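Here, each number is a calculation from the coordinates, and none is a lab measurement. The shown structure was predicted, so the numbers you read here are calculated from the model rather than taken from an experiment. All Cβ positions, glycine included, derive from the backbone under ideal geometry; neighbour counts span all protein chains shown.
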Amino acid sequence: MLEFVTDGAWTKRFHGGWASHSGMIAAELAQHGITAPPTSIEGKFGYLHAYSGDPLTQALSVGEGEMLAIAQTAMKYYPCNYYIQSINDSVLQLAVRADLPFDAIERIVVYTVQAAMPLVCEPIEQKRRPRLMIDAQFSVPFNVALGLVKKRVSFVDFTTAEFTSPAIERLMDRVTCHVDPALDARYPEAWPARVEVTLADGRTLAAATQYAKGDPRNPLSLNEVIAKHRSIVAGVIDESTDDAILDFILRLETKSDFSELTRILKGFVLPD
């Protein structure tokens with residue numbers, strides 16, 4: 001359910017933490033002898049049948065030497081909806097590599113998949129004027145304009161100041177979104193995108209992305225993951241505490257006691 005996109009409710013922020021909390025509670029309940037059906041995922045009345053009319057239960061089986069699907073989960077590089085990840089990659093190819101002068105841009109055409117349209121492209125007038133951070137995270141025009149103007153798409157830029165920036169507003173008004181059947185045919189095995197930018201001198205430049213940065217087939221480097229982490233916690237966790245957190249996490253496989261990490265986390269106070 002995605003109704004939170006309509007009013008900026010905190011639901012999305014809550015998802016990851018609540019899932020982790022539920023996992024911890026489930027483990028503790030199991031330790032205390034509370035039982036659950038062993039077929040809760042693939043069973044007739046289980047998770048897969050609740051969410052799909054034709055679940056691929058065979059996908060749960062892993063052969064010898066094969067990697068579990070969870071180890072192939074994509075990691076978002078940009079702080080926005082996943083449909084926009086490959087769009088941002090394409091935009092930054094043009095903004096950074098082609099060094100586009102954003103004030104000379106006349107038109108931006110984004111080609112995406114059908115499933116993306118109602119969530120991140122429509123209604124276009126609303127997507128061109130985000131009011132809240134959640135609006136911007138589900139807005140193709142904002143992400144495209146931000147990438148072209150600042151040559152980056154960073155957590156620190158999802159602010160009211162950027163939403164109302166004249167340069168970004170100008171470019172948001174020049175963004176249109178279209179479904180490309182050729183891209184749609186690759187979905188959901190891939191979440192591809194193509195972006196075309198037309199300049200005032202008449203030139204049109206294009207870039208396309210098959211697998212977004214962070215996809216297992218286009219993975220992030222460790223340094224990129226750390227940089228993303230630091231951009232998110234900046235201003236909330238002081239640098240020395242964050243260094244201690246990272247040091248623990250990067251040596252996780254050598255740890256048998258997580259109390260060290262909880263002590264570190266208890267050592268800082270959230271800002272007002």
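Which is farthest toward the positive dipole end of region 1-73 among Ser20, Gly8, Ile41, measuring Cα position about the Cα centre, with Cβ charges +1 (Lys, Arg) and -1 (Asp, Glu)?
Projecting each Cα onto the dipole axis, the largest value belongs to Gly8.
Using R₀ = 25 Å, calculate the FRET efficiency as 1/(1 + (r/R₀)^6) where r is the Cβ-Cβ separation of Asp201 and Arg170; round to 0.05.
E between Asp201 and Arg170, to the nearest 0.05, is 0.90.
Express the relative contact order of the chain as a whole percentage, based on alpha carbon pairs under 8 Å and six or more residues apart in sequence.
Once divided by the residue count of the chain, the mean separation gives 20 percent.
When the Karplus curve 6.51 cos²θ - 1.76 cosθ + 1.60 is applied with θ = phi - 60°, which whole-Hz ³J(HN,Hα) does each residue of region 52-65 get, with x for Gly and Pro?
Using θ = phi - 60°, the values come out as 8, x, 9, x, 9, 4, 5, 5, 6, 7, 10, x, 4, x Hz.
Just rank Leu199, Leu2, fewest to most, by other beta-carbon atoms within 10 angstrom.
So the residues, fewest neighbours to most, are Leu2, Leu199.
Compute the projected area of the convex hull of the Cα atoms of region 136-272, averaged over all viewing directions, and report it in nm² to one decimal place.
Over every viewing direction, the Cα hull of region 136-272 projects on average to 12.0 nm².
Below 8 Å between Cα atoms, with a sequence gap of 6+, how large is the relative contact order for region 1-134 in percent?
19 percent.
Over the alpha-carbon set of region 82-209, work out the extent along each principal axis and list the three values in angstrom, largest first.
37, 34, 23
Quick one: putting +1 on the C-beta of Lys and Arg, -1 on the C-beta of Asp and Glu, what dipole do you get for the chain around its Cα centre, in Debye to the nearest 20?
360 debye
Compute the normalised compactness of region 222-266: alpha-carbon radius of gyration over 2.2 N^0.38 Å, N being the residue count.
Against the empirical 2.2 N^0.38 Å value, I get 1.17 for region 222-266.
Pop a pseudo-label 7 angstrom from the Cα along the beta-carbon direction at both Phe45 and Glu260 and give the gap in nm to one decimal.
4.6 nm
With +1 assigned to the C-beta of every Lys and Arg and -1 to the C-beta of every Asp and Glu, and no other charges, what is the dipole magnitude of region 82-209 about the Cα centre in debye, to the nearest 20?
Dipole of region 82-209, to the nearest 20 debye: 160 debye.
Obtain the nm distance between the two label points defined at Val156 and Gln126 by a simple spin-label model: each point lies 7 Å from its Cα along the Cα-to-C-beta direction.
If labels sit at Val156 and Gln126, their model points lie 3.2 nm apart.
Lys/Arg Cβ at +1, Asp/Glu Cβ at -1, dipole of the chain taken about the Cα centre: which of Leu205, Gly235, Ala193 is farthest positive-ward?
Leu205
Students often get this wrong, so check it: of Lys127/Lys266; Lys127/Lys151; Lys12/Lys266; Lys150/Lys266; Lys127/Lys150, which have C-alpha atoms separated by over 31 Å?
Lys127/Lys266; Lys150/Lys266
Could you give the dipole magnitude of region 121-272 about its Cα centre, charging the beta-carbon of Lys and Arg +1 and that of Asp and Glu -1, in debye to the nearest 20? Show your work: numbers first, answer last.
Values: 20 positive and 23 negative charges, 70 e Å.
In debye, rounded to 20, region 121-272 gives about 340.
Calculate, in nm to one decimal, what Val62 and Arg13 gain on full extension: separation in residues at 0.36 nm each, minus their alpha carbon distance.
Length difference between fully extended and current span is 14.4 nm.
Check Ala234: other-chain or 5+ apart residues with amide H under 5 Å from its amide H, H built from backbone geometry?
Here the answer is none, since no amide H 5 or more places off falls under 5 Å of that of Ala234.
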